[in-house]
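Working notes, structure below.
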Amino acid sequence: MTATLPAELIRRKRDGGELTRTELHGIGAAIADGGFSDAQTGAFAMAVFLKGFSDPERVAFTEGLRDSGSVLTWEHLDVPVVDKHSTGGVGDKVSLLLAPMLAACGTAVPMISGRGLGHTGGTLDKLDAIPGYASQPGLDLLRAAIDAAGCAVVGQTDDLAPADRRLYGIRDASGSVETRDLIVPSILSKKLAAGLHALVLDVKHGSGAFMASVDDARELAQTLVAVATGAGLPTVALLTDMDRVLGTTAGNALEVAESIAALTDPAAADPRLIDVTVALAERVLSVAGVTGADPRAALTSGAAADRFARMVVALGGPADLLERPDDHLAAAPVVRPVHPDTAGVVARHATRDLGLAVIGLGGGRRTDKDAIDHRVGLSAVAGPGTPVGPGADDRPLCVVHARTEAEADAAAAAVRAAIVVAGEDPPAAPAPVPVITEEVA
Ligand code: URA
C-alpha cells in the first residue's frame, strides 16, 4: 500500500503532477491487493489517460505492475529466455512458428499470449482449437512444457502481473484503454514477469492493424522499446505490414492447420509469413547474444516442427497432430469457395473487414462472454496480385468455412466487399509491399 492516500495520488496526476517511482510501485501493488478500490483505479487510469506519464513514470508504473505478482526465474535452464509480442493482426499465426523455431535455436520461450481483441485473432484462441491442449496451465505445467520442448505458448497465469489484469478490466469498462501510457505498461508488465532476457516486438501497421499508420506504429514501437529497456529487458522492434492477411488463412483451427503445414513443409508456405517469422527470430536471438543459430534452417530441417510437436504433447494435445492434423482439428460443416463477380487481379485487402468477417462466422467474440467456434474462418485467401475470376474453374477470392449456409452467405458478401479486385484492362497487379518495414532499436 502507498504511504500517501490514494485520492492524493490521483489528484496529483489529475492536476498534471509527477508521481515518484516509489509511489508508482505502490500503486501497482495497491491495484493488485485492493488498496485501490475500483473507483480509485478507474479514476487513476483516467487521470493518466488525460495527463500522461513522463518517461520515468512509464517505466516505474510498468515495474509496479510487474511486481504485483510472481516474477518467474529460469536459472536452472542455463539458456537465454526470449519471447515476442505482436500488436495483433488478421491471420497472424507467427507465434505458432516462432516459439518452436526459437526453442530449436537453443533458447527457452515461455510465450505468454492473449485472446482475440477487436477484429484481430488471438494466439490462445487458435491453440484452443487443438483438443486437449492446456492453453492456461498453472506454473508447474508451464515449467514442465518448457523443460520438455523449450517452448510453451500459453495464457497469462493468475499470478503473473495480477494488477494488469484488474486494471485492464477497469480501463475497458471506464473508457481509458487507448493510450500508450497504459497500453505499454500493460503489455510489458506481463513480459517482464515472465523472466525474459530478450524480447522482440512485432508492431503492425496497415488496414488490419490497430495502428493504421506507420508513424503511429513507429511511435508505439519506440515507446515500447524505451520502457522495456528502461525496465532492464533488452528489446528490439520490427514494424511489419498488416495491409493484407498474413498467410492464407484467418480463423482458429484453419490457422493451426496452416501453421502445421508451414512447419512440416515450409517451402510451400506463404513466403511473407516465413520471412516475418525468421526476421523476428533473428532479431531476438541477436539481442539475446545467441550466435551461430540459423532460424530458417531450424524450420527447414524439421527441428522447429519437432519442438512444436513436443510442446503440444507436453501441454496435453495429441501426439500425432503434425502427422494427422485433419483427424484432430474440427472442420466446419459448410465449406465453399467465394468467387468475384468479374475476373481481375486482387488489388488490395480491407484487412480489418476480413477479420470482422471471421468474427461474423463465429470465429471471434462480439462480447467477452462469447464462446468461439474454432472451425470457422477463411482459407486460400488470395493476396494482392493474384488473378481471380467468377467461373468454377477460376481461382476464388477465398474459401469460406461456416456453421450454416446463411452465415456462409453473409461472409461471402463481406469477403467480396473486402477483397478489392481490379479489372484486367489495364492489368492492375499492385507493386509488392515488403512485409518488414523498419527496425526500431
Ligand atoms: N494488450 C495488452 O496486453 N494491454 C493493452 O492495454 C493493450 C493490448
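The values are calculated or read from the model by the stated rules, or taken from the named source; none is laboratory data. This one's a predicted model, so the numbers in the text were calculated from it and none came from an experiment. Here the Cβ is made from the backbone with ideal geometry for all residues, glycine too, and neighbour counts use every protein chain on show. In case anyone asks, the SASA skips ligands and DNA or RNA and just uses the protein heavy atoms, side chains included. Shrake-Rupley method; radii C 1.70, N 1.55, O 1.52, S 1.80 Å.
Identify the residue in the stretch 83-100 that is more than 19 Å from Ala194 (Cα to Cα) and part of a helix (DSSP H, G or I) and, among all such residues, is farthest from the ligand (Cβ to nearest atom).
Top of the filtered list is Leu97.
Could we say that Gly26 is of a type outside the set (A, V, I, L, M), crowded, with 21+ Cβ neighbours inside 10 Å and without any contact (Cβ under 8 Å) to a residue 40 or more places away in the chain here?
yes
Residues Ala262, Ala212, Ala309: which one is small (Gly, Ala, Ser), in contact with a Gly (Cβ under 8 Å, 6 or more places away or on another chain) and at pLDDT 95 or above? Steps first, please.
Working: Ala212 fails: at pLDDT 95 or above; Ala309 fails: in contact with a Gly (Cβ under 8 Å, 6 or more places away or on another chain).
Answer to the selection: Ala262.
Which one of these is within 12 Å of the ligand (Cβ to nearest atom), modelled with pLDDT of 95 or more and out of contact with any Ser or Thr (no Cβ under 6 Å at 6 or more places or on another chain): Asp181, Asp172?
Values: Asp172 fails: modelled with pLDDT of 95 or more.
Exactly one residue qualifies, and that residue is Asp181.
Yes/no matrix, rows are residues, columns are (1) among the basic types (Lys, Arg); (2) in a strand (DSSP E or B); (3) over 30 Å from Tyr168 (Cα atoms):
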position	(1), (2), (3)
Ala332	no, no, yes
Asp373	no, no, no
Gly391	no, no, yes
Val399	no, yes, yes
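Here is a yes/no grid of residues against (1) under 19 Å from Ser379 (Cα atoms); (2) within 17 Å of the chain's Cα centre (by Cα):
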position	(1), (2)
Val94	yes, yes
Leu102	no, yes
Ile112	no, yes
Leu117	no, yes
Leu141	no, no
Ala152	no, yes
Ala161	no, no
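Suppose we filter the stretch 142-167 for residues that are surrounded by fewer than 16 Cβ atoms within 10 Å (Cβ to Cβ) and within 16 Å of the ligand (Cβ to nearest atom); how many remain?
Matching residues across the stretch 142-167 total 1.
For Pro271, indicate whether it is open to solvent by 10 Å² or more (accessible area, probe 1.4 Å), modelled with pLDDT of 95 or more and either more than 19 Å from Leu98 (Cα to Cα) or more than 16 Å from the ligand (Cβ to nearest atom) (or both).
Judged against the criteria, Pro271 is a match.
Hey, could you check the stretch 1-22 for residues that are in a helix (DSSP H, G or I) and open to solvent by less than 30 Å² (accessible area, probe 1.4 Å) and say which is nearest to Gly52 (Cα to Cα)?
Out of the qualifying residues, it is Lys13.
A quick yes/no check of all residues on (1) within 30 Å of Gly360 (Cα to Cα); (2) outside the structural domain of Leu24 (by TED's automatic domain parsing); (3) open to solvent by 10 Å² or more (accessible area, probe 1.4 Å); (4) outside any loop (DSSP other than H, G, I, E, B):
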residue: Gly208; (1), (2), (3), (4): yes, yes, no, no
residue: Val227; (1), (2), (3), (4): no, yes, no, yes
residue: Ala237; (1), (2), (3), (4): no, yes, no, yes
residue: Val256; (1), (2), (3), (4): yes, yes, no, yes
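Just the residues that are open to solvent by 10 Å² or more (accessible area, probe 1.4 Å) and either farther than 17 Å from Gln136 by Cα or in contact with a Phe, Trp or Tyr (Cβ under 6 Å, 6 or more places away or on another chain) (or both), please, taken from the stretch 89-117.
Matches in the stretch 89-117: Asp92, Ala104, Cys105, Gly106, Leu117.
Which one is nearest to Arg395 (Cα to Cα) among residues in the stretch 298-330 that are over 24 Å from the mean Cα position of the chain (by Cα) and part of a helix (DSSP H, G or I)?
Looking at the filtered set, the residue picked out is Asp326.
Considering Arg296, Arg307, which residue is open to solvent by 40 Å² or more (accessible area, probe 1.4 Å), closer than 17 Å to Leu127 by Cα and not assigned by TED's automatic domain parsing to the domain that holds Cys398?
Just a single option satisfies the conditions, and that option is Arg307.
Take the stretch 354-370 and flag every residue that is under 15 Å from Glu407 (Cβ atoms) and part of a loop (DSSP other than H, G, I, E, B).
Across the stretch 354-370, the qualifying residues are Leu361, Gly362, Gly363, Gly364, Arg366, Asp370.
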